[in-house]
Amino acid sequence: MKWAFSLLVVLAACGRAVGVGTSANAELRVHLVVIQGRDSVTPAEAESIFQDAARLIGGGLGVALSILAISEYPDPHPEIDGVDGFRERKRWVAINAWLPSLPDGNVEKRGQIFYVVDKPLHRSDGAIGLAGVAYECRAYQRRAIGYGAAARVGSSGRSLFPHSAVLMAHELGHILGAVHVGVGKDPGDPFTENIMHPNPLPFVNTLGLGVPWHWASREDVRDCLGRNRRRMRRKVCRLMKGRRKRACLRTTKRN
């Protein structure tokens, strides 16, 4: 399954399966794994961020999310930090490999989402960045894992809780089946200003937690949680490139 790498950087210096699509009754349980490190949030703060993200998802996508458990662990890879694509990917790969080793890290269990609330990333000048990544359309499958940084405030003193919540909603949206929307559109276009934009965090600066969902995201989630998983799989395959894309489409056709 494709990893949806959402390199959502906001520098603080600037400021069983549901067969009928999404439903308020289709509640999913989320296990929050909070990593403690430099400028990280507490488990209570992570829970508050989750509640904001859950309200965004419930109101916009019609899917109810609740907390199954909250675990807190020291940073397993403090040596990996920094705001750039290579280190962000390297950290995700390392944490993804570390997660199953936890006493409560049963990532192979169906119907349970793991979301890692990581420390924020740091630039050499001290600015804070938020980034995330998630497996797409895995809500009722094994390894339903999402990852996203969270932070209290940036170097300017501005609260980053709303940014952290929108990032969490974005990554959980991937797990529910939503793909990126708004690539290549002009700023200000309503098609662009949505939670599943490749980088929705600048919208939070003006819209707060009012960043909307696009209708295409609701269709994606219905396909993923409902009976159109093959169509959703083809959609994900088309976002790939080269041999990986061709192999993915062949597999989808056979299945």
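Miscellaneous remarks
- Among (1) surrounded by fewer than 16 Cβ atoms within 10 Å (Cβ to Cβ); (2) within 16 Å of Leu130 (Cβ to Cβ) - the single one Ile95 does not satisfy: (1)
- Residue identified as of a type outside the set (Ser, Thr, Tyr) and either in contact with a Cys (Cβ under 7 Å, 6 or more places away or on another chain) or at pLDDT 95 or above (or both) among Glu45, Glu108: Glu45
Per-residue answers, yes or no, for (1) among the small types (Gly, Ala, Ser); (2) surrounded by fewer than 16 Cβ atoms within 10 Å (Cβ to Cβ); (3) more than 14 Å from Lys119 (Cβ to Cβ):
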| position | (1), (2), (3) |
| --- | --- |
| Ala46 | yes, no, no |
| Leu56 | no, no, yes |
| Leu68 | no, yes, yes |
| Pro103 | no, yes, yes |
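- Matching residues, the range 148-163, being modelled with pLDDT under 90 and either of a type in the set (S, T, N, Q) or in contact with a Phe, Trp or Tyr (Cβ under 9 Å, 6 or more places away or on another chain) (or both): Val153, Ser155, Ser156
- Answer from Val63, Val33 - the residue that is under 18 Å from the mean Cα position of the chain (by Cα) and in a loop (DSSP other than H, G, I, E, B): Val63
- The range 75-88 residues that are modelled with pLDDT of 75 or more and buried (at least 16 other Cβ atoms within 10 Å of the Cβ), paired with ones that are assigned to a loop (DSSP other than H, G, I, E, B) and of a type outside the set (D, E, K, R) (beta carbon under 7 Å, 6 or more apart): Asp75/Gly37; Glu88/Leu7; Glu88/Ala131
- Residue in the range 99-115 that is under 17 Å from Ala53 (Cα atoms), hydrophobic (A, V, I, L, M, F, W, C) and within 10 Å of the chain's Cα centre (by Cα) present: no
- Residues (assigned to a helix (DSSP H, G or I), within 24 Å of Gly154 (Cβ to Cβ) and of a type outside the set (Lys, Arg)) located in the range 66-98: Gly85, Phe86, Glu88, Trp92, Ile95
The values are calculated or read from the model by the stated rules, or taken from the named source; none is laboratory data. These figures come from a predicted structure and were not determined experimentally. Here the Cβ is made from the backbone with ideal geometry for all residues, glycine too, and neighbour counts use every protein chain on show.
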